[in-house]
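Taking it in order: structure first as structure tokens, then the write-up.
The values are calculated or read from the model by the stated rules, or taken from the named source; none is laboratory data. Keep in mind it's a predicted model, so treat the numbers as computed, not measured. We place every Cβ from the backbone using ideal geometry, glycine too, and count neighbours over all the protein chains shown. Side chains are part of the model used for accessible areas, which takes the heavy atoms of the whole protein and leaves out ligands, DNA and RNA. Shrake-Rupley method; radii C 1.70, N 1.55, O 1.52, S 1.80 Å.
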Amino acid sequence: SADQGRCLTPCSSHASSPQVSGVIFHWGHGLPGTRSYSSEPTKEKNVPYERTLKPEGGSSGPSKPLPRAADVVVVGGGSLGCQTLYHLVKMGLTNAVLLERDRLTAGTTWHTAGLLWQLRPSDVEVELLAHTRKVVSQDLEAETGLHTGWIQNGGLFIASNRQRLDEYPRLMSLGKVYGIESHVLSPAETKDLYPLMNVDDLYGTLYVPKDGTMDPAGTCTTLSRAASAGGATVIENCPVTGIRVGADDLGVKRVKAVETPHGTIETPCVVNCAGVWATKLGQMAGVKVPLVAMHHAYVVTERIPGIQNMPNVRDHDASVYLRLQGDALSVGGYEHNPIFWDEVSDKFAFSLFDLDWDVFMQHIEGAVNRVPALEQTGIKSTVCGPESFTADHKPLMGEAPEVRGFFLGCGFNSAGMMLGGGCGRELAHWIIHGRPERDMYGYDIRRFHNSLTGNQRWIRERSHSYAKNYSVVFPFDPLASRNMRRDPFHQVLTDQGCVFQERHGWERPGWFNKDGPAPVKGYDYYRAYETKKNVNYRYQELLGREYTFDFPPHHDVIRSECLSCRGVAVFDMSYFGKFYLTGPDAKKAADWLFTADVNKKPGSTVYTCMLNRGGGAEDLTVSRLEPGAANLAAGFPGDAYYLAIGGGVAEHNWNHIQTVLQDQGLRCQLADHSEDMGMISIQGPKSREVLQEVLDADLSNDAFPFSTHKVVSAAGHQVRAMRLSFVGELGWELHIPKDACLPVYHAVMAAGAKHGIINSGYRAIDSLSIEKGYRHWHADLRPDDTPLEAGLAFTCKMKTSIPFQGRDRLEKQKEEGLKRRIVCFTIDEKVPMFGLEAIFRNGVPVGHLRRSDYGFFIDKTIGYGYIRNPDGGVVSAEFIKSGEFSLERMGVTYKAKAHLKTPFDPENKRVKGIY
């Protein structure tokens, strides 16, 4: 119900709550100054809005008759349900119905704080928020003549330590790319803007004048009226009791109808916008919805003289927000010990919980410190309602993997109002066109592996990130829900000092600590709920050293892992997805799915993209198998393909392929052997010498050329060897049956000892791959980027006549010319960059970096970003060559060199063994 805020890397302040015992606060109606707050029931539980949609009398059946059928049925009349319905109508789908079990906003929307902050550490979220703001502040009033209740009073982010102040210019730089006005203010300037604020402990603030506050009743009423005027139907007082699902001719489960006590609506599409009740609605269709419900609270003060027209405030380090409420403030935040609502009630409409003062009081000290007048101000009412939270603090959206036609629009982590407009539009586009317009992978339910979405420990522990909602979030690792998926090398690498990263439930190697093992321990909830604190926790200490916007202390360790790869290094890449595509229509499927021609002779391996309907990209390698041969999994008759896919996107790609096969009616099987096989990659100029001792195959260029694969014997075990590289060197990947992983690994390490072989992790891969110009999916390459824009035209069989999904979009783009394209940049100064830095051409913002890392071989910071022509024209090679480029890092501008080719090995000789 409040706001949702996440920045990029953490601070340690979340670990301790303020000591309130013995401190006298004058808040409230006779609240004592000692620890006995919860003994008094909350006197007033009223949301502070002038108007809510709560009915005076009881409900008496549905507000309108139910239609027999609809193209789409949206379930839930809160922010997301109303925004989705409105945008469906705007896109021309008018035969849509919204069902609300009570009245609009009755669930969680009615008590929201309604804050909207425009700047986020994500370009996609900035775009989503901008659309919400436009809908609420302009579009709806123009369409309906009704005021939504939007108030533009501005927003202030507080920096009470140097790290916070470093973060804010990063957001400001991104804002420049999107035309969002913002200012970094000194403490004195902040005091001038907000006279009631204590600025003695501030380093500075970030002020965004056009931030503001939304009204839930006004917004949802106006949205529903606009949607109804366009032909949609809004039906209140109509709970859903069942979702009818049936199987089609191929055995694929699809939505058939929505059942209610007042009748059934036949429909091929249901949208789950049911908030904290979304899990129950999912269960009706056999769909897992991984969210948890928690109590989320704020209090509303009595009148505060002089507070009128002040901006909303977010004090990250105190974990509180202060929302202007006329001549008062609403004060809320995120506790380290939030209360889980385990028994979600269907009868909880326009309802609130009693506020637990023992939990809430941790916010008081920070709020009083920031606005001292609060200490002498009473509390008018308290608001404690349910909110839904997810494992990565991002919403759940998109079509459910289990049932076609069942879409999710839930799990908004108290940000449903401010993300509602942008997400409602993307969800509507998804439903109508089969995909969203923007890169919504970070919100797509398919980002989570199917083994995790029903795992209660994973959901509960990871959702406890609520406690770190205002922390600067470490980009590499959470501490919760670890050791869910481990490969066969896990223990031997732990013993050698591996510092693991969690990806997709997998523990994958990040880097190797030279001071010994740093195993991951069980989650201690930051000592909440009387859990025992992890002591002498080396892993957490190592992560804590990365809480910096400078190079981390182990920068030199990652450097040595990278430079060792220029000799020989071994990477554990077992978390990769490993699929077999087989069946009578396998060749037909491969032609349609993959942009490259993968139907070369058996034994070939091809790097390729897959495209969505908009021409946006996924990437993977596809190996064509010998028909009928033993392929480590089984012998497959007819055409068969082995797919190796980055582990973070494996579930997403699995579902993408399955969806395409279903939509095309292709008779194929996709088998997942990711857990059955390990994978190590041996890379570097000496890799051939090392592996020649281990493999019973001729590894010469003629006998085993680049981009081919063979099943060979290694240490007496059958493995699939592929001559590939993700780091720009001569090298091979070994795909190994699970039981053979350790013998093969030990044989490789023994053979490599005299060549100085070392273990390397994914931090080294990040650096080496950016140095070589290889794309990382969902960084340099996203579902809203085409291969042509990403510099991957070579993966597309455009010179053939073979049709493939998305080809028409690429042909059109090729004909019109590229209006955006990826460019490599380097700077001479030895400073780190992280992505989101603004790119300027001749002083004009033209884009931002998607990914950045340090290239140790060329000894420079490297960044990749997509740029546009400010005139809207084609981004040609000449446009890039003729411009003077600079990058803005934390408010400081650095002269940058733009490269049309990778600065490392541009002739691509090393992967071919030419040194």
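With respect to the cross-link table entries Lys468/Lys738; Lys468/Lys532; Lys54/Lys253; Lys347/Lys532; Lys797/Lys901, which display a Cα-Cα separation exceeding 29 Å? Numbers along the way, then the final one.
Working: Lys468/Lys738 37 Å; Lys468/Lys532 18 Å; Lys54/Lys253 38 Å; Lys347/Lys532 36 Å; Lys797/Lys901 22 Å.
Those over the limit are Lys468/Lys738; Lys54/Lys253; Lys347/Lys532.
Spelling out what I want: for every residue of segment 409-421, take phi, set θ = phi - 60°, compute 6.51 cos²θ - 1.76 cosθ + 1.60 (Karplus), and round to whole Hz; glycine and proline get x.
Once rounded to whole Hz, the list reads x, 8, x, 8, 6, 6, 10, x, 6, 7, 8, x, x.
Given the Cα-Cα distance of Lys819 and Ala229 and 0.36 nm per residue of separation, how much length would full extension add, in nm? Walk me through the intermediate numbers first.
Details: separation 590, 0.36 × 590 = 212.40 nm, distance 3.69 nm.
Fully extending the segment from Lys819 to Ala229 adds 208.7 nm.
Identify, among Ser707, Val846, Asn612, the residue whose Cα sits farthest towards the positive end of the charge dipole of the chain, taking +1 on the Cβ of Lys and Arg and -1 on the Cβ of Asp and Glu, with the dipole about the Cα centre.
Ser707
So how far, in whole Å, is the C-alpha centre of segment 753-778 from the one of segment 840-867?
First find each Cα centre; the distance between them is then 19 Å.
Can you work out the Karplus-derived ³J(HN,Hα) for every residue in segment 538-549? Use 6.51 cos²θ - 1.76 cosθ + 1.60 with θ = phi - 60°, whole Hz, and x for glycine or proline.
Ordered by residue, 3J(HN,Hα) equals 4, 4, 5, 5, 5, 5, x, 6, 8, 7, 8, 9 Hz.
Under the rule of -39500 (n - 2.57) per DSSP H run of 4 or more residues, summed and divided by the residues of the chain, what mean residue ellipticity at 222 nm is obtained, to the nearest 500 deg cm²/dmol? Intermediate results must be reported in sequence, preceding the final value.
Numbers: 21 runs with 202 residues, N = 915.
Mean residue ellipticity, 222 nm, calculated: -6500 deg cm²/dmol.
Exactly which trypsin sites (Lys or Arg not before Pro) in segment 746-806 are in a DSSP loop and have at most 16 other Cβ atoms within 10 Å? Show your work: numbers first, answer last.
Working: sites: Lys754, Arg763, Lys772, Arg775, Lys797, Lys799; in loops: Arg775, Lys797, Lys799.
Counting only loop positions with at most 16 other Cβ atoms within 10 Å, the trypsin sites (Lys or Arg not before Pro) in segment 746-806 are Lys799.
Apply the a/c threshold of 1.5 to the C-alpha gyration tensor of segment 572-766 and tell me whether it is rounded, prolate or oblate.
Working: a/c = 1.94, a/b = 1.65, b/c = 1.17.
Verdict is prolate for segment 572-766.
Once you sort the root eigenvalues of the Cα gyration tensor of segment 849-915 as a ≥ b ≥ c, which label holds: rounded (a/c under 1.5), prolate (a/b larger than b/c) or oblate (the other case)? Walk me through the intermediate numbers first.
Working: a/c = 2.64, a/b = 1.41, b/c = 1.87.
Oblate shape, in that a/c is at least 1.5 and b/c is the bigger or equal ratio.
Using 7 Å Cα-to-Cβ label points, what is the Glu127/Glu266 separation (nm, one decimal)?
3.8 nm
Please state the charge dipole magnitude for segment 572-766, taken about the Cα centre, from unit charges on C-beta atoms (+1 on K and R, -1 on D and E), reported in debye and rounded to the nearest 20. Intermediate results must be reported in sequence, preceding the final value.
Working: 16 positive and 22 negative charges, 44 e Å.
I would put it at about 220 debye.
Place the peptides 372-382, 729-739, 433-443 in order of packing, highest mean first, counting for every residue the other Cβ atoms within 10 Å and averaging per peptide. Kindly include the intermediate steps, with their values, before the conclusion.
Numbers: 372-382: 17.8, 729-739: 22.7, 433-443: 19.8.
Highest mean packing first, the order is 729-739, 433-443, 372-382.
For the chain, report the accessible area per residue in Å² (1.4 Å probe, heavy atoms, rounded to an integer).
35 Å²
Grab the other residues whose beta carbon is less than 9 angstrom from that of Val403, score K and R as +1, D and E as -1, and report the net.
Numbers: positive: Lys253, Arg254, Arg404; negative: Glu399, Glu402.
Surrounding charge for Val403 is +1.
Pull out the extension gain between Val844 and Glu907, defined as 0.36 nm times the separation in residues minus the alpha carbon to alpha carbon distance; nm, one decimal. Write out the running numbers ahead of the final one.
Details: separation 63, 0.36 × 63 = 22.68 nm, distance 3.22 nm.
Extra length available between Val844 and Glu907 comes to 19.5 nm.
Taking a point 7 angstrom from the Cα of Arg613 along the C-beta vector, which residues in segment 72-102 have backbone N less than 15 Å away?
The answer is 72, 88, 91-93.
Please list the non-local residues whose amide H lies under 5 Å from the amide H of Asp487, H modeled 1.01 Å from N, same-chain partners needing a gap of 5 or more.
For Asp487, whose amide H was placed from the backbone, the distant partners under 5 Å are Glu507.
By a straight-distance test (C-alpha under 17 Å), which aspartates and glutamates pair with Lys909 as possible cross-link partners, with residues fewer than eight away in the same chain excluded?
Once the sequence-local aspartates and glutamates are set aside, what remains near Lys909 is Asp702, Glu729, Glu771.
Of the options Gly92, Leu128, Ile158, report the single residue whose Cα projects farthest towards the positive end of the charge dipole of segment 47-171 (beta-carbon charges: Lys, Arg +1; Asp, Glu -1).
Of the candidates, Ile158 comes out farthest on the positive side.
What is the pair-distance distribution P(r) of segment 406-466, computed from all Cα-Cα distances in 10 Å bins starting at 0, with each bin given as a whole percent?
Percent of Cα pairs in each bin: 19, 48, 29, 4.
Name the long-range amide H neighbours of Ala257: under 5 Å, sequence gap of 5 or more, or other chain; modelled H, no Pro or chain starts.
Close amide H contacts, sequence-distant or interchain: Arg244, Thr267.
Report the local net charge at Gln325: Lys and Arg +1, Asp and Glu -1, summed over other residues whose C-beta lies under 13 Å from its C-beta. Display every interim value, and only then the final one.
Details: positive: Arg303, Arg323, Lys380; negative: Glu50, Asp215, Glu302, Asp327.
Net of charged neighbours comes to -1.
Using θ = phi - 60° and the Karplus form 6.51 cos²θ - 1.76 cosθ + 1.60, what ³J(HN,Hα) does each residue of segment 902-911 get, whole Hz, x for Gly and Pro?
For segment 902-911, the Karplus curve yields 4, x, 10, 6, x, 7, 6, 7, 5, 5 Hz.
Of the cross-linked pairs Lys394/Lys860; Lys819/Lys881; Lys578/Lys754, which ones have a Cα-Cα span greater than 24 Å in the structure shown?
Values: Lys394/Lys860 34 Å; Lys819/Lys881 16 Å; Lys578/Lys754 32 Å.
Listed pairs above 24 Å: Lys394/Lys860; Lys578/Lys754.
Evaluate the chain: find the radius of gyration of its Cα atoms, find its Kirkwood radius, and give the ratio Rg to Rh. Show your work: numbers first, answer last.
Working: Rg = 28.0 Å, Rh = 29.0 Å.
Rg/Rh for the chain comes to 0.97.
Could you please state how large a percent of the accessible area of the chain is carbon and sulfur, counting protein chains only and using a 1.4 Å probe? Don't jump to the answer; show the numbers that get you there.
Details: 15740 of 32390 Å².
The nonpolar share, carbon plus sulfur, comes to 49 percent.
Could you compute the FRET efficiency for Leu742 and Glu402, with r as their C-beta to C-beta distance and R0 at 22 Å, rounded to 0.05? It would help to have the intermediate numbers written out before the result.
Working: r = 36 Å, r/R0 = 1.61.
Calculated value: 0.05.
If every alpha-carbon in segment 807-911 counts as one equal scatterer, what log10 I(q)/I(0) does Debye give at q = 0.14, 0.17, 0.21, 0.23 1/Å?
For segment 807-911, the Cα-only Debye profile gives -0.57, -0.80, -1.09, -1.23.
If the label point is 7 Å along Cα→Cβ of Thr94, which residues in segment 211-227 have backbone nitrogen under 20 Å from it?
222-227, by backbone N distance to the label point.
By average Cβ neighbour count within 10 Å, what is the ranking of 500-506, 549-555 from highest down?
Numbers: 500-506: 21.9, 549-555: 15.3.
Per-residue mean Cβ counts within 10 Å order the peptides as 500-506, 549-555.
Quick one: putting +1 on the C-beta of Lys and Arg, -1 on the C-beta of Asp and Glu, what dipole do you get for the chain around its Cα centre, in Debye to the nearest 20?
On the way: 100 positive and 105 negative charges, 286 e Å.
Once rounded to the nearest 20, the dipole reads 1380 debye.
Relative to the Cα centre, what is the charge dipole magnitude of segment 81-142, using +1 at the beta carbon of each Lys and Arg, -1 at the beta carbon of each Asp and Glu, and rounding to the nearest 20 debye? Kindly include the intermediate steps, with their values, before the conclusion.
Details: 6 positive and 7 negative charges, 19 e Å.
Magnitude of the dipole: close to 100 debye.
Applying 1/(1 + (r/R0)^6) with R0 = 41 Å to the Cβ-Cβ distance of Glu689 and Glu541, what FRET efficiency is obtained, to the nearest 0.05?
On the way: r = 38 Å, r/R0 = 0.94.
After rounding, the FRET efficiency stands at 0.60.
With each pseudo-label sitting 7 Å past Cα toward Cβ, what's the Lys812-Arg527 distance in nm, one decimal?
5.9 nm
Label-point separation (nm) for Asp358 and Asp556, each offset 7 Å from Cα along Cα-to-Cβ?
5.0 nm
Please report how far the C-alpha centroid of segment 295-341 lies from that of segment 142-195, rounded to the nearest whole angstrom.
Centre-to-centre distance over Cα atoms comes out at 17 Å.
If the reach is capped at under 19 angstrom between alpha carbons, list the lysines near Lys256, excluding any in the same chain fewer than eight residues apart.
Lys280, Lys288
Pull out a ≥ b ≥ c, the square roots of the eigenvalues of the alpha-carbon gyration tensor of segment 129-264, then state rounded if a/c is under 1.5, prolate if not and a/b is larger than b/c, and oblate in the remaining case. Could the numbers behind the result be given before it?
Working: a/c = 3.03, a/b = 2.12, b/c = 1.43.
Here segment 129-264 falls in the prolate category.
Hey, how many Å between the Cα centroid of segment 118-132 and the Cα centroid of segment 704-749?
That distance is 44 Å.
Rounded to two decimals, what is the ratio between the C-alpha radius of gyration of segment 480-547 and 2.2 N^0.38 Å?
Values: Rg = 12.2 Å, N = 68, 2.2 N^0.38 = 10.9 Å.
Rg over 2.2 N^0.38 Å, computed on Cα atoms: 1.12.
In the chain, with Lys and Arg counted as +1 and Asp and Glu as -1 at Cβ, which of these residues, Ala367, Ala70, Ala793, has the Cα nearest the positive end of the dipole, that is, farthest along it?
Ala793
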